[in-house]
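Engineer: Sharing a structure here in structure tokens format.
The values are calculated or read from the model by the stated rules, or taken from the named source; none is laboratory data. None of these values were measured; they are calculated from a predicted model. Neighbour counts are summed over all protein chains in view; Cβ atoms, including those assigned to glycine, are modelled from backbone coordinates with ideal geometry. Surface areas here come from the heavy atoms of the whole protein model, side chains and all, with no ligands, DNA or RNA. Shrake-Rupley method; radii C 1.70, N 1.55, O 1.52, S 1.80 Å.
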Amino acid sequence: MKILVTGTAGFIGFHLAKKLLERGDEVIGLDNINDYYDVNLKYARLGELGIDKKDLADNRLATSNKYPKHKFVKMDLADKEQIENLFKNEKFDAVCNLAAQAGVRYSIENPDAYIHSNIIGFMNILECCRHYGVQNLCYASSSSVYGLNTKQPFSTIDKTDTPISLYAATKKSNELMAHTYSHLYGIKTTGLRFFTVYGPWGRPDMSPMLFADAITQDREIKVFNHGDMSRDFTYIDDIVDGIINVIDNPSEKYSVYNIGNNTPVQLLDFIATIEDSFGKTAKKIFMDMQPGDVKSTYADIDDLSRDFNYKPDTSLADGIGEFVKWYKGFYNI
């Protein structure tokens, strides 16, 4: 299968592309490599896929020196003309759109970036799927769409009309846009509402990396809502297995699923697991809840398990152990 994976310089996109390539698929990776966080980490991920930084130029395909069936293009999803040319020339069997402007809190500071990437960019993906015969589209939504919902676990039958960040609003908009294109043009669209994903090569703005940095550099960890928070932490390998099952067996119509671990973990327990892996106690400073954040996430994954045989089975201790091992190696600790 020939698959376009957007966001392959990012955390989840990198792992997905690697797994697809290892099983023999042809993968075209795409990313604009923006500076929302350290671009050196993004280039390092691409390097693991055999894409050399010196070979990159805007809107030109670079060939992997490691995987014969992999090419990468530095491109902005909002550049309609370039995206159309890519679809026209490459003729994809499937698309997995993981590219987006990430970050809940950053969306409060810089809202324009979210409209540019998450709305205009996604619109271009939908239009190109429509005009260039791609009937299999998988895309990233987010648990943040549940907003002010208090019923848990979160279920896809729950209302999602009370987002509390622009990031969440753009992800809900993606689901609505996908529904329209499925209805009008018969495109098989599957949205995946990601819960908190962690593991090797993770994002520096996410809690595992923030906590690891603080512990190793003897800085204080900011513990929000005074520790009274929980997250449905999900290991990256489990997430990637779920995405691939969806790509391989697209729904016959529009669908949306939660993809998480179905096991929320208290924030302080999560920190304790990281402390155990490093063998070092963190310095903690307890703070109030941040704007746009939620107290708890908890995924009901029954429908994804039923329809796609999704079975996350990585324990928190094992997953954190793998993350810490990677972290120490990557940062020479």
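Engineer: May I ask you to order 257-266, 39-48, 2-11 by the average number of other C-beta atoms within 10 Å around their residues, highest value first? Write out the running numbers ahead of the final one.
Structural biologist: Numbers: 257-266: 22.3, 39-48: 16.8, 2-11: 25.1.
Per-residue mean Cβ counts within 10 Å order the peptides as 2-11, 257-266, 39-48.
Engineer: Now a separate question. State the percentage of accessible surface on region 168-305 attributable to carbon and sulfur atoms; use a 1.4 Å probe and exclude ligands, DNA and RNA.
Structural biologist: Whole-percent figure for carbon plus sulfur exposure: 50.
Engineer: Let me ask something additional. Can you tell me what share of the DSSP beta bridges in region 1-143 is antiparallel? A percent to the nearest 5 is fine. Please report the intermediate quantities before stating the final value.
Structural biologist: Details: 3 of 21 bridges.
Around 15 percent antiparallel, to the nearest 5.
Engineer: Let me ask something additional. Rounding to the nearest 20 debye, state how big the charge dipole of region 200-249 is about its Cα centre with +1 on each Lys and Arg Cβ and -1 on each Asp and Glu Cβ. Show your work: numbers first, answer last.
Structural biologist: Working: 4 positive and 10 negative charges, 45 e Å.
It works out to roughly 220 debye.
Engineer: Sticking with this one: Taking the simple approach of a point 7 Å from Cα along Cα-to-Cβ for both Tyr185 and Asn245, what is their distance in nm?
Structural biologist: Reported label-point gap for Tyr185 and Asn245 is 2.9 nm.
Engineer: Over what distance in Å are the Cα centres of region 3-62 and region 76-117 separated?
Structural biologist: Value for the Cα centre distance between the two parts: 14 Å.
Engineer: Relative contact order for the chain using alpha-carbon pairs under 8 Å, separation at least 6, rounded to a whole percent? Display every interim value, and only then the final one.
Structural biologist: Details: 661 pairs, mean separation 55.4, N = 333.
Value for the chain: 17 percent.
Engineer: Restricting to Cα pairs below 8 Å that are 6+ residues apart, what does the relative contact order work out to for region 116-170? Please round to a whole percent.
Structural biologist: On the way: 35 pairs, mean separation 17.3, N = 55.
Across region 116-170, relative contact order equals 31 percent.
Engineer: Along the charge dipole of the chain, which of Phe195, Phe270, Ile120 sits closest to the positive end, that is, farthest toward it, with unit charges on the beta carbon of Lys, Arg, Asp and Glu (+1, +1, -1, -1)?
Structural biologist: Ile120
Engineer: Here is a further query. Find the relative contact order for region 1-91 and round it to a whole percent, using C-alpha pairs within less than 8 Å whose residues are 6+ positions apart.
Structural biologist: Details: 145 pairs, mean separation 23.2, N = 91.
Relative contact order, region 1-91: 25 percent.
Engineer: I would also like to ask the following. What's the center-to-center distance, using Cα atoms, between region 221-296 and region 129-159 in Å?
Structural biologist: Answer, in whole Å: 17.
Engineer: Give the carbon-plus-sulfur fraction of the accessible surface of region 1-136 in %, rounded to a whole number; probe 1.4 Å, heavy atoms of protein chains only.
Structural biologist: 44 percent
Engineer: Measuring with a 1.4 Å probe in the full set of protein chains, what accessible area per residue, in whole Å², belongs to the chain? Before the final figure, lay out the partial values.
Structural biologist: On the way: 14350 Å² over 333 residues.
For the chain, the per-residue accessible area is 43 Å².
Engineer: If you place +1 on the Cβ of every Lys and Arg, -1 on the Cβ of every Asp and Glu, and leave all else neutral, what size is the dipole of region 125-282 about its Cα centre, to the nearest 20 Debye? Mind dumping the intermediate values first?
Structural biologist: On the way: 13 positive and 18 negative charges, 118 e Å.
Computed charge dipole of region 125-282: roughly 560 debye.
Engineer: Given a Förster distance of 25 angstrom, what is the FRET efficiency for Ala44 paired with Ile157, based on the Cβ-Cβ distance and rounded to 0.05?
Structural biologist: On the way: r = 40 Å, r/R0 = 1.62.
Efficiency computed from Cβ-Cβ geometry: 0.05.
Engineer: For His131 and Lys253 in one chain, what is 0.36 nm times their gap in residues minus the Cα-Cα distance, to one decimal in nm?
Structural biologist: 42.1 nm
Engineer: Counting Lys and Arg as +1 and Asp and Glu as -1, each charge on the Cβ, what is the dipole of the chain about the Cα centre in debye, to the nearest 20? List each step's numbers first, then the result.
Structural biologist: Numbers: 37 positive and 45 negative charges, 84 e Å.
Magnitude of the dipole: close to 400 debye.
Engineer: Please go through region 240-333 and write out the GluC sites (Glu not before Pro) that DSSP classes as loop and that have at most 13 other C-beta atoms within 10 Å. It would help to have the intermediate numbers written out before the result.
Structural biologist: Numbers: sites: Glu252, Glu275, Glu322; in loops: Glu252.
Here the GluC sites (Glu not before Pro) that fit, given the DSSP loop and packing criteria, are Glu252.
Engineer: Find how much the distance from Asp58 to Tyr331 grows on full extension, using 0.36 nm per residue of separation minus their present alpha carbon separation; answer in nm with one decimal.
Structural biologist: Values: separation 273, 0.36 × 273 = 98.28 nm, distance 2.89 nm.
Here the answer is 95.4 nm.
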